[in-house]
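To start, the structure itself, in structure tokens.
Coordinate-derived values only; no laboratory data. Quantities reported herein were computed from a predicted structural model and do not represent experimental measurements. Because the Cβ atoms are built from the backbone with ideal geometry, glycine has one as well, and the counts that use them run over all protein chains shown.
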Amino acid sequence: MTATAETTSAAAPKDGDVLVDVRGVKVHFPIKKGVIFDRTIGYVYAVDGVDLQIRRGETYGLVGESGCGKSTLGRAILNLEPPTEGTVEFDGVDIASLSGETLRRKRQDIQMVFQDPMGSLDPRQSVESLLLEGMKAHGLAKNEKEANARLRELLKAVGLPAAALKKYPHEFSGGQRQRIGIARALSVNPKLIVADEPVSALDVSVQAQVINLLEELQDEYGLTYLVVAHDLAVVRHISDRIGVMYLGALVEEADAEELYEHPLHPYTRALMSAVPVPDPVVEDRRERILLTGDLPSPANPPKGCRFHTRCPWRQETRCDTERPELRSVQLEGVSPGHRVACHWAEQIASGELKPHEVKAQITEQSDLGGDEDLMGPASIQEAL
Ligand SMILES: Nc1ncnc2c1ncn2[C@@H]1O[C@H](COP(=O)(O)OP(=O)(O)OP(=O)(O)O)[C@@H](O)[C@H]1O
Ligand code: SF4
Ligand SMILES: [Mg+2]
């Protein structure tokens, strides 16, 4: 690959109709200390300036290490976590501007599927009651006959027998429970489903069935998905486009196949290089980038490029002081929609810059409460 022309800044997707438009979104959680008076002594910069657009009918996969802000961004899109800064437009409407009945109606269009179906389904409610809840709340169960027909249709759509209606969540396997979670999301005819780690609690064989189900339902109901996952194989399989997150920001975004063929950001390259390839010849030859050092705390993110403390291509001064913008790059073989947040993406892609050894740095820990939960895994391998 060779660099061909100047770079442009991030732009809205050219093709396709945008359903979700996220602009400059930040979600900062205050860190409080004090027994009698709560004092804010700092912030967790969980999401720190994200721009992304999800097109109608596509699946957008969001991937990154534990603690990088994926779930918080998903919740900000639903306005369950109102952004500290920035806007989220859904179907052309700024979600933050809605309240009361209009917000409630808009929420019908956006549903969530969670990682732990057991935790998200009330164990005291039968499947029938779980599915009817949302339908009633949104006036979709007008009479018994209509509601019954709808319930059966929903169960059929997710591959469960009608007899499941009278049963309770604990009577099902993990995969079946996730099917119930998906049926519940579908019950109110949403436009967007935000699926947060939808298969990571399931056995590998069941994972494939649930992913296939999500894909079938997308075709049948014209759904748009935001799928959050840390498993690259899952994201690759299901996504049309993928965004890679690191410490609260997107570092790369591209069509799924393109991202796997031409990962440009050093962090994405490291993530890809940690995934084993089934072909032993390719496996022996492939590039492996081992990242040293901990994922820094989002309460005290590094200045400049957030990845500079672990980046094998880090260049002095600029990487440490200037935060790179997510920008389109013009490189041979790379599509115009491919965006990357690295000052040196072109030089790294062309081989002009070579990786060097990275000395593990002691990540400066702030004394902002000493919350172990703020720390991520020790290595990429651990995260995956
Ligand atoms: N309500 C909250 N108050 C304070 N900090 C929070 C809150 N929710 C999340 N965080 C912090 O924000 C950061 C991002 O969390 P988030 O759950 O979005 O990450 P994630 O990428 O979804 O991780 P995982 O893959 O483990 O689910 C973490 O450091 C987390 O501890
Ligand atoms: S900007 Fe610098 S530190 Fe950041 S990813 Fe690129 S080369 Fe690495
Ligand atoms: Mg999460």
Wrap a convex hull around the Cα atoms of the stretch 248-330, take a quarter of its surface area, and give that in square nanometres. 6.7
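Suppose every Lys and Arg Cβ carries +1 and every Asp and Glu Cβ carries -1, with no other charges. What dipole size does the stretch 14-91 come out with about its Cα centre, to the nearest 20 debye?
It works out to roughly 380 debye.
If neighbour count is taken as other Cβ atoms inside 10 Å, put Glu81, Glu153 in order from fewest to most. Don't skip to the answer; put the middle values down first.
Values: Glu81 18, Glu153 12.
Lowest to highest Cβ neighbour count: Glu153, Glu81.
Kirkwood hydrodynamic radius, the chain, all distinct C-alpha pairs: what's the number in Å?
Details: mean 1/r = 0.0449 Å⁻¹.
One over the average 1/r among Cα pairs gives 22.3 Å for the chain.
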Rounded to the nearest Å, the spacing of the alpha-carbon centers of the stretch 232-291 and the stretch 90-138 is 33
At 4 °C and 1.567 mPa s, what whole-number value in µm²/s does Stokes-Einstein give for the translational diffusion of the stretch 163-244, with Rh from the Kirkwood sum over Cα pairs? 96
For Thr292, Thr40, Thr84, which order do you get if you count the other beta carbons within 10 Å of each Cβ and list the fewest first? Thr40, Thr292, Thr84
For the chain, modelled as a Gaussian network with Cα springs under 10 Å, which listed residue fluctuates most, Leu217, Leu259, Leu52? Leu217
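So for the stretch 54-141, Kirkwood radius off the Cα pairs, Stokes-Einstein at 10 °C and 1.306 mPa s: how many µm² s⁻¹?
Details: Rh = 15.3 Å.
The diffusion coefficient I find is 104 µm²/s.
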I need the calculated FRET efficiency for the pair Gln125 and Tyr260, taking r as the beta carbon distance and R₀ as 41 Å, to the nearest 0.05. 0.50
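Say R0 is 25 Å: what FRET efficiency, to the nearest 0.05, do Lys359 and Glu322 get from their beta-carbon distance? Let's see the in-between values first.
Details: r = 22 Å, r/R0 = 0.87.
So, using R0 = 25 Å, E works out to roughly 0.70.
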Quick check of the Kirkwood formula: for the stretch 128-207, what is the inverse mean of 1/r over all pairs of different Cα atoms, in Å? 13.2
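How would Phe37, Phe114 line up from fewest to most surrounding beta-carbon atoms within 10 angstrom? Present the calculation step by step, with values, prior to reporting the outcome.
Details: Phe37 7, Phe114 19.
Going from least to most buried by this count: Phe37, Phe114.
For Lys136 and Lys166 in one chain, what is 0.36 nm times their gap in residues minus the Cα-Cα distance, to one decimal in nm? Mind dumping the intermediate values first?
On the way: separation 30, 0.36 × 30 = 10.80 nm, distance 1.78 nm.
Result for the pair: 9.0 nm of gain on full extension.
Take every Cα pair under 8 Å in the stretch 151-229 that's 6+ residues apart, average their separations, divide by the length, and report that relative contact order as a whole percent.
Answer for the stretch 151-229 is 34 percent.
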Restricting things to alpha carbons, tell me how big the stretch 205-257 is in terms of Rg and Dmax, in Å. 12.1, 36
May I ask for the Rg/Rh ratio of the stretch 139-279, computed from Cα atoms with Rh as the Kirkwood radius, given to two decimals? 1.05
Pair Ser173, Ser205: separation of 7 Å Cα→Cβ label points (nm): 0.7
